[in-house]
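What follows is a short report on a single structure.
The values are calculated or read from the model by the stated rules, or taken from the named source; none is laboratory data. Remember, predicted model here, so these are calculated numbers, not experimental data. FYI the Cβ positions are ideal-geometry reconstructions off the backbone, even for glycines, and counts take in every protein chain you see.
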Amino acid sequence: MNRRRFLRGTTAACALAASTVTGCGAGGTAESVVATRAGRIRGSVTAGVHAFKGVPYAAPPQVVDRYRPPRPVQPWTGVREALAFGPTPPQPPTPPPMDFFAPPVPGPEYLNLNIWTPEPGSARLPVLVWIFGGGFDTGSNGLYDGRAFARDGVVFVAINYRLGAEGFLFLDDGVANVGLLDQIMALEWVRDNISAFGGDPGKVTISGQSAGAMAVATLMAMPRADGLFRRAIMESGAGNLCHSTETAREIGHRLAAKLGTPPSRAAVAAAGVERVLAAQSALMRDLARQPDPQRWGGEPGCRVNMWRPTLDDATLPAKPIDAVTAGAGAAVDVLLGHNSEEGRLSLVPFRSLDSVTEAELTTAMSLYRLPVDRALPAYRTAYPDADPGALLAILQADWFYTVPGLRLADARADAPAATYMYEFAWRSPQFGGSLGACHFLEVPFVFDQLHDRRMQWITGPNPPQQLADLVHSMWVQFAGTGRTNWPRYEHTRRTTMRLDLQPAVVDDPYPTRNLWDGVDLY
């Protein structure tokens, strides 16, 4: 693959966009106009890549509609500007040192998406739709730059969706999983409009990281999402964070009590955005004092994840793992994996691993329902050089990401579509090297976005470009073909691609896997 499929220079850039350009500025940036079903939009063209930002896919949620399913976007006349990132979903401030990502953008039209394409029109290119992570209560599509995917022949779409109470409030009132319904409406928008941007609606890959990966696995289990995508990529998440109706109802009622309102959508909406966000934060602090990984987290070194997809007869009738075991998504090709030291991101920026005590490690094991008398010596044998802090980071990774991913892959062992497993093992030099192969670290490599200064907070100033070339090309290949260059996953071998400076294909590199047999991760 030629990874620099740019057209360099003003003349070339304008010539490529000739069928859609409305003008080329003095600096050489062209403008591109594309007709969607709701109206025409004007984007920009730089180095042969067309970008359209802040495009609404649903009507702006207002008042009580903030807590209800999305409504179709209203058509407009004339040409709408799509030159800058749109508003971001309401969310509490991200605490330092994680607040370096994308600053919030206020505004009502936060159900928007961004598109990068090399060729608007009838090119019929593969499409990759990105669902950001952030624990279902933070994040936005503004951090993720799709130029490298477009450069290499993939139409890239990054979506926003509602977060926190707006997206996942459950009151047992017939409404559930609003944030996931946003994602489905965005995928319906892609189905109906992406051809105009050069994409093939029959070759859509949904992809995401962390909560975004959890959402991808959950969409595979949702009847309303059936047929909207052909492939799925899950980076550090496998649909294992899912509330029972009882837990979700308890959280919803406790939020209403914090607000001093009746437990109804109208009453919560009337409290106003800022009060709801403050109540969310207060409730998270309360739940952190009652840690329970199977309900909302809060165990040592982990944040509370009180907003999760909820089991609901109308939208999510079964846990993703159960739905996949029963055959959901059997025709969807899957690429999934995790990072070697996921848990270090939740520990290292806030405290030294050396400060983690033996008591915290055993407490976490107990909360995860592991038999401590067997698990502790087994982890020490598997990782003989790891102190309690390093073991806690590995333990968290196994609970949240590694073992759920293996179970999902095992559940698809007899599916006609392929499943491929990876492990990202390159270690960041940040924080004196203690950040390691942590959560989120693969993202700058997937996006070939190593020169973004925001990403360098986690990668360091000189990350290896050759690894980004490799990882990014793998994702491009999978989006285009549904295949990779290593063998598909089978539960007898559990073949895994280990991504590092010296990549290697290994079989069953999971020394503590059997300890989790019978442990409820859902």
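Here are some notes:
- Residues satisfying the stated conditions in the range 403-427, i.e. crowded, with 24+ Cβ neighbours inside 10 Å and out of contact with any strand residue (DSSP E or B) (no Cβ under 6 Å at 6 or more places or on another chain): 404, 408
- Taken together, the residues in the range 335-372 that are among the β-branched types (Val, Ile, Thr) and either assigned to a helix (DSSP H, G or I) or not assigned by TED's automatic domain parsing to the domain that holds residue 419 (or both) amount to 3.
- Matching residues in the range 276-302 - criterion: being among the charged types (D, E, K, R) and under 19 Å from residue 167 (Cα atoms): 295
Residues checked against (1) hydrophobic (A, V, I, L, M, F, W, C); (2) in contact with a helix residue (DSSP H, G or I) (Cβ under 9 Å, 6 or more places away or on another chain); (3) at pLDDT 95 or above; (4) within 30 Å of residue 445 (Cβ to Cβ):
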position: 320; (1), (2), (3), (4): no, yes, yes, yes
position: 323; (1), (2), (3), (4): yes, yes, yes, no
position: 329; (1), (2), (3), (4): no, yes, yes, yes
position: 336; (1), (2), (3), (4): yes, yes, yes, yes
position: 341; (1), (2), (3), (4): no, yes, no, yes
position: 352; (1), (2), (3), (4): no, yes, no, yes
position: 374; (1), (2), (3), (4): no, yes, yes, no
position: 377; (1), (2), (3), (4): no, no, yes, no
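- Hits in the range 312-334 (condition: surrounded by 18 or more Cβ atoms within 10 Å (Cβ to Cβ) and not in a loop (DSSP other than H, G, I, E, B)): 312, 316, 320, 321, 323, 324, 333, 334
- The set of residues in the range 452-461 that are surrounded by fewer than 20 Cβ atoms within 10 Å (Cβ to Cβ) and either modelled with pLDDT of 95 or more or closer than 23 Å to residue 352 by Cα (or both) comprises 454, 456, 457, 460, 461.
- Any hit, the range 73-90, residues being farther than 24 Å from residue 156 by Cα and surrounded by 23 or more Cβ atoms within 10 Å (Cβ to Cβ): no
- Checklist (1) more than 14 Å from the chain's Cα centre (by Cα); (2) under 23 Å from residue 259 (Cβ atoms) applied to residue 105, failing item: (2)
- Qualifying residues in the range 494-503 (those that are of a type outside the set (Val, Ile, Thr) and surrounded by 13 or more Cβ atoms within 10 Å (Cβ to Cβ)) - the one farthest from residue 373 (Cα to Cα): 503
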